Amino acid sequence: TKGFYMGVYTVTQEEWQAVMGNNPSEFKGEKNLPVEMVSWNDCQEFIKKLREKDKTPYRLPTEAEWEYACRAGTKTPFYFGETISTDQANYKGNQTYGNGKKGVYREKTTPVGSFPANSFGLYDMHGNVWQWCQDWLGDCPQKDVVDPQGPDEGQYRVLRGGSWYFYPQNCRSALRFSHLPGHRNGYIGFRLCFSVE
């Protein structure tokens with residue numbers, strides 16, 4: 001029920017470098033690659049510094065906000081329909097989902113915005129890098145909830161979206177993944193959001 005803005009792209013290496021003064025990413029070289037090898041804790045430090053610099057209340061999206069933004073009004077497994085192809089997203093393309101066909105397994109990240117956006121204008125909501133969410137992992141509510149958020153504490157933080165390294169089914173709009181908040185990997189990144197106050 002509350003308005004929010006979501007980053008059109010995941011945070012890039014250039015953006016991370018401008019704020020943090022370093023580039024932790026495993027995959028470098030091309031322009032506009034997503035930053036990866038960043039933990040949930042690292043993201044909080046980036047957000048803190050960016051808030052000080054930009055005076056905007058950036059944060060990670062809640063899991064519910066992320067899925068709402070990813071689906072962009074759709075009810076299918078992916079925002080482009082019932083299946084997925086490597087022309088639409090970067091994932092382990094030598095595997096298939098549903099009636100999909102095998103495609104390219106790129107074995108690394110691709111520059112943000114390389115694939116078609118959803119109807120909200122958001123890119124790479126499926127594949128490329130998993131995206132940290134603000135929430136602790138918890139059970140999904142069994143009844144309707146307004147503006148749901150995860151539990152107040154936990155062990156694992158939620159990740160959404162799938163990645164270049166994972167199977168196509170991991171890219172589904174509804175799929176949940178999680179890791180310890182200190183975990184870093186070359187298939188994990190994030191995007192920013194902030195609330196409309």
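The values are calculated or read from the model by the stated rules, or taken from the named source; none is laboratory data. In this text, all values refer to a predicted model and were calculated from it rather than measured experimentally. Don't worry about glycine lacking a Cβ; one is built from the backbone with ideal geometry, like all the others, and counts go over all protein chains shown. Areas reflect the complete protein model, heavy atoms only, side chains present, ligands, DNA and RNA absent. Shrake-Rupley method; radii C 1.70, N 1.55, O 1.52, S 1.80 Å.
Each row is one residue, and each column tells you yes or no for (1) touching a residue at least 60 places away in the same chain (Cβ under 8 Å); (2) under 22 Å from Lys2 (Cα atoms); (3) touching a Ser or Thr at 6+ places or on another chain (Cβ under 8 Å); (4) open to solvent by 30 Å² or more (accessible area, probe 1.4 Å).
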{"residue": "Val129", "(1), (2), (3), (4)": "yes, no, yes, no"}
{"residue": "Trp136", "(1), (2), (3), (4)": "no, yes, no, yes"}
{"residue": "Lys143", "(1), (2), (3), (4)": "no, yes, no, yes"}
{"residue": "Gly154", "(1), (2), (3), (4)": "no, no, no, yes"}
{"residue": "Tyr167", "(1), (2), (3), (4)": "yes, no, no, yes"}
{"residue": "Arg176", "(1), (2), (3), (4)": "yes, no, no, yes"}
{"residue": "Asn185", "(1), (2), (3), (4)": "yes, no, no, yes"}
{"residue": "Phe194", "(1), (2), (3), (4)": "yes, yes, yes, yes"}
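Applying the criterion of being in a loop (DSSP other than H, G, I, E, B) and out of contact with any Cys (no Cβ under 7 Å at 6 or more places or on another chain) to the residues of the stretch 1-13, the residue that is surrounded by the fewest Cβ atoms within 10 Å (Cβ to Cβ) is Thr1. Taken over the stretch 118-127, the criterion of being under 15 Å from Arg172 (Cα atoms) and open to solvent by 30 Å² or more (accessible area, probe 1.4 Å) is satisfied by Tyr123 alone.
Residue by residue, here is whether (1) under 18 Å from Trp164 (Cβ atoms); (2) open to solvent by 60 Å² or more (accessible area, probe 1.4 Å); (3) in a strand (DSSP E or B) holds:
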| residue | (1), (2), (3) |
| --- | --- |
| Glu15 | no, yes, no |
| Ser25 | yes, no, no |
| Ile47 | no, no, no |
| Leu50 | no, no, no |
| Gly73 | no, yes, no |
| Thr110 | yes, no, no |
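Any chance the stretch 79-100 includes a residue that's modelled with pLDDT of 95 or more, open to solvent by 30 Å² or more (accessible area, probe 1.4 Å) and not in a loop (DSSP other than H, G, I, E, B)? No, the stretch 79-100 contains no residue that is modelled with pLDDT of 95 or more, open to solvent by 30 Å² or more (accessible area, probe 1.4 Å) and not in a loop (DSSP other than H, G, I, E, B).
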